[in-house]
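Quick notes on the structure that follows.
The values are calculated or read from the model by the stated rules, or taken from the named source; none is laboratory data. Please read these numbers as outputs of a predicted model, since none were measured by experiment. Backbone-built Cβ (ideal geometry, glycine too); neighbour counts: all protein chains shown.
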Amino acid sequence: MGHWPRLVIAAVLMSIEGAALGALAYLIQPLFDDLFAASDMAGVGWVALAISAVFGLRAVAGFGQRLIVVSIGLKVTTALQSRLLRHLLSLDLAYFRTTPPGALIERVRGDTLALQGLAATTVMSLGRDTITFASLLTVMLINDWRWTLLALIGLPLLVLPMLGLQRYIRSTTGASREAAARLSTQLDEIFHGIQSIKLNRLERHETGRFEGEVRHFLREALRAQRGLAANPAMIDLIAAAGFVAVLYYGGAQIIAGEKSVGQFMSFFTALALIFDPLRRLSNIAGQLQAGVASLARLYEVLEAKPTILPPAAPRPVQQGAICFEDVHFGYGDTAVLRRAELYSAPRARPPPSSAHRVRARPRSSPC
């Protein structure tokens, strides 16, 4: 909750940065129709100054919002890492016998850093690119709504392919994170067992094992990246169709004198700029699926519970006495103790060799 004031400031700066491109596209129309056509160089200078101011404001706003978002993301990530470690240290040894150290390191460090990068990219893209898209779309509609419809009519065709692509990205990213965890585990085993590896001359064997894991990780990572790269590629195909349609339809109107060159250049500038934020926005869905895979792995750690818990209502004992009642203990399925009951009480003057006497609990013990 303490980050909300800074996030509000970042949102304002994102709005300024996003609206700047819309202002740029809007200034193109009077530049061509009112100034170039009239050979008004003084007016051209004022428009050039306005465009420079737009870019300067965009640069300052972009710097500020990136700095705020990234700093908040780093603070949240480090807090999450501390929480994960605190939770892991509360678990008993049974959990660590079944979970290798490399996998835990990858979750505490790798998955949290992946989430931090995702959160920063997503917040900035949603804030800045949504405003950019809206401002450029407004400029396009102001110039001609028919041109706008022609340029963007193919976007609904991407809905079903995008949905299928999101499922693919989520599954491949999860597999990639698991492969990265196995790599970390392999390195942990090698460095902790380096003495045995050297004594038994197992360097070549361990190198071969590691290279096999690296190849597996590479295959999974490339599959995930193919899915992420397919999002903007599909947007580019729709963009090409939109450009061609507007060029033919709008060019015919300009030749017929129905539209001005300034209107067409303003629209074409907005159209050229609008697909870049649209590509980033479409990529957010894929990045979110990648983040879900890391988030699921983190929740798996946080939901792990210790198997050894303190009694709900411990019985009071005398000061200095230790009681064991109905104790069961074992290694996996192998039982070692069954219903053991022991009582340890300090003697009045213990001998130097022993401070306590441990014996089977008498019936009159304070336990």
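Quick notes on this structure:
- Residue within region 236-257 that is in a loop (DSSP other than H, G, I, E, B), over 39 Å from the mean Cα position of the chain (by Cα), on the phi > 0 side of the Ramachandran plot and not acidic (Asp, Glu) present: yes
- Region 265-298: number of residues that are at pLDDT 85 or above and more than 16 Å from THR132 (Cα to Cα): 1
- Yes/no for ALA239 being among the aliphatic types (A, V, I, L, M), without any contact (Cβ under 8 Å) to a residue 24 or more places away in the chain and under 30 Å from ILE28 (Cβ atoms): no
- Scan of region 146-161 for residues that are of a type in the set (A, V, I, L, M, F, W, C), part of a helix (DSSP H, G or I) and either surrounded by fewer than 17 Cβ atoms within 10 Å (Cβ to Cβ) or outside the structural domain of PHE268 (by TED's automatic domain parsing) (or both), ordered by number: LEU149, LEU155, LEU157, LEU158, VAL159, LEU160
- Of everything in region 202-227 that is of a type in the set (A, V, I, L, M) and touching a residue at least 40 places away in the same chain (Cβ under 8 Å), the residue that is surrounded by the fewest Cβ atoms within 10 Å (Cβ to Cβ) is ALA221.
- Between ARG204, ARG209, the distinction of being more than 30 Å from LEU149 (Cβ to Cβ), in a helix (DSSP H, G or I), more than 32 Å from the chain's Cα centre (by Cα) and at pLDDT 85 or above belongs to ARG204 only.
- Helices (runs of 4 or more DSSP H) enclosed by region 52-133 - at least 3 residues per element that are within 18 Å of MET14 (Cα to Cα) and either of a type in the set (Lys, Arg) or modelled with pLDDT under 80 (or both): 112-124
- Of the residues in region 56-73, none is surrounded by 15 or more Cβ atoms within 10 Å (Cβ to Cβ) and touching a Phe, Trp or Tyr at 6+ places or on another chain (Cβ under 9 Å).
- When the test is whether a residue is polar (S, T, N, Q) and either closer than 30 Å to ALA23 by Cβ or touching a Cys at 6+ places or on another chain (Cβ under 6 Å) (or both), THR130 passes it.
- Failed item in (1) surrounded by 16 or more Cβ atoms within 10 Å (Cβ to Cβ); (2) without any contact (Cβ under 8 Å) to a residue 24 or more places away in the chain, with ALA230 passing the rest: (2)
- Residues that are in contact (Cβ under 8 Å) with a residue 60 or more places away in the chain and among the aliphatic types (A, V, I, L, M) were ranked within region 173-201; the one that is surrounded by the fewest Cβ atoms within 10 Å (Cβ to Cβ) is LEU187.
- Boolean, ILE274 is surrounded by 15 or more Cβ atoms within 10 Å (Cβ to Cβ), closer than 19 Å to LEU165 by Cα and in the same structural domain as LEU126 (by TED's automatic domain parsing): no
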